[in-house]
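The values are calculated or read from the model by the stated rules, or taken from the named source; none is laboratory data. Small disclaimer: the values here were computed from a predicted structure and weren't measured. Ideal geometry is used to build each Cβ from the backbone, glycine not excepted, and the neighbour counts take in all protein chains shown. Accessible surface is based on the protein model in full, side chains and every heavy atom, while ligands, DNA and RNA are left aside. Shrake-Rupley method; radii C 1.70, N 1.55, O 1.52, S 1.80 Å.
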Amino acid sequence: MPHPSPESTTLDRLPASTRVHVVGAGPVGLLLTALLQTMEGVSVRLYEKRREYTRTRMVQLAPYLVADSVESYRVDAIDGDSVEAVFDPPELDQGLAFRQTIPPDLGALLESWVLGFCPLNSIERSLSDLIDARGPNGVERRAAVVTAEDAMAMVEPGDVLIDSTGSSSLLRDRLVPGSHEVGEDANTLKVRLEYALVITFLYGQRYDCNEYCKYYKNIENPHYKFIPMVHRTHYDGSVSHVTGIVNISAEDYEAMPSRFDGDWLRSNAPGVAESMDRFIDKIKDETHGELLGDLEIVRIPLDLYRARNATSRQWLTAGPRDHPFARSPVFLAGDSAIGSPYFQSISLGFECAMFLVGLIAQRDLSLREMLDRYELHIYKQWLRVYMRSKMIKHNKDLFESLDDPMALLEKLHIY
């Protein structure tokens, strides 16, 4: 990245007293606020549309978020080797050192979320309550729908602006000078992996899933195969919460509403419904339980994407001097910066949020180096999740052809 010249910005490093604007109060925005709240010399304005947390999908955070050693950070069977290849040891050491500074009240929440899984809105509500329980302590919460123009108008020289507004990011495609004239995706690289139905149901007995279970419960399903996530199948003492995906075609996707139930599925997509019913019937044969309620189904495109620029570095080096983004650093966090399928996004967002707050805590760090480090971190996390997602997709493709040797061989690229 070219070094900023004195003419491009007068801000060399963050001032001793820094105001941080966090736009978006989803889990990543709330985590950022909770981390910044206890930092000396930092005040936070958190902009949220509403304080109602309605997303009930079940999530489990990745264990690497609370890792206390490089070995435990890269313990994952799928991407452990990728982590070692992508990240230099000093980078991992820096992230692990920051974890030791996380306040105990927040650290306890993170520890609990990696042990099991819970509704997304429980995570959001717990973070929100934690922020409030600490008292004002440098945090001002504002209920407001913020536009890109609002964001540009509210930052003053020396402020930090963090966009954590999610996949439909408020500022991602505004971070390159002139990009608002180009149109959408001016700063976005997107990879479409597949289309899928995310199906959730409740079952009245314990159901434990493993890879073998996925196979033999799908033997009679020639096309559509329900693949439950092992770490998203949870028994709370009386009910099993099961979430998984079914791969569908682009034509299937276009013919379906965004959300529907089992009745709609049976009436309009009988092939998918039959595969689900066979899977659930085999669970019933084994455990003698019953489905509780109906299926909850969301159809989604499984996209893997990243911001080519995760900061306002282009404005700081080449933008007009009078533009707000040329005077104040802007960062993308969470799904604003990187989006990943297969239920990985929240852990990835938390990881990048912790790294960003660690950079802000280094008050002697030059702004140029802060931007450089964050851009590099986001890019390396993108490489990590890209390789992981492609591996999961490849394994799913193989799984769906296990009963068709010729189709399986076509998908095996041995050498």
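Quick notes on this structure:
- Scope the stretch 384-407; condition more than 29 Å from Val83 (Cα to Cα) and open to solvent by 40 Å² or more (accessible area, probe 1.4 Å); matching residues: Leu402, Asp403, Asp404, Pro405, Met406
Listed here are the residues, each with its yes/no results for (1) polar (S, T, N, Q); (2) open to solvent by 60 Å² or more (accessible area, probe 1.4 Å); (3) within 30 Å of Ser240 (Cα to Cα).
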| residue | (1), (2), (3) |
| --- | --- |
| Val23 | no, no, no |
| Leu65 | no, no, yes |
| Ile78 | no, yes, yes |
| Asp88 | no, yes, no |
| Arg99 | no, no, no |
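- Breaking point among (1) open to solvent by less than 20 Å² (accessible area, probe 1.4 Å); (2) in contact with a Gly (Cβ under 9 Å, 6 or more places away or on another chain); (3) assigned to a loop (DSSP other than H, G, I, E, B); (4) farther than 16 Å from Thr287 by Cβ, for Tyr207: (4)
- The single condition among (1) open to solvent by 20 Å² or more (accessible area, probe 1.4 Å); (2) free of Cβ contacts under 8 Å to residues at least 60 places away in the same chain; (3) in a helix (DSSP H, G or I) that Met152 does not meet is (2).
- When residues of the stretch 28-52 are limited to those that are part of a loop (DSSP other than H, G, I, E, B) and in contact (Cβ under 8 Å) with a residue 40 or more places away in the chain, the one surrounded by the fewest Cβ atoms within 10 Å (Cβ to Cβ): Arg50
- Cβ-Cβ contacts under 6 Å between residues 6 or more apart (or on different chains), taken from a first residue in the stretch 53-77 that is under 22 Å from Ser389 (Cβ atoms) and at pLDDT 85 or above to a second residue that is open to solvent by 30 Å² or more (accessible area, probe 1.4 Å) and not in a loop (DSSP other than H, G, I, E, B), are listed as Tyr73/Tyr64.
For (1) without any contact (Cβ under 8 Å) to a residue 40 or more places away in the chain; (2) over 23 Å from the mean Cα position of the chain (by Cα), each residue gets a yes or a no:
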residue	(1), (2)
Phe355	no, no
Leu365	no, yes
Leu371	no, no
Glu375	no, no
Ile378	no, no
Ile392	no, no
Lys396	no, no
Ser401	yes, yes
Pro405	yes, yes
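- Of all residues in the stretch 217-230, those that are of a type in the set (D, E, K, R) have Cβ atoms under 8 Å from Cβ atoms of residues that are modelled with pLDDT of 90 or more and open to solvent by 60 Å² or more (accessible area, probe 1.4 Å), 6 or more apart or on another chain, in Lys217/Arg278; Glu220/Arg278.
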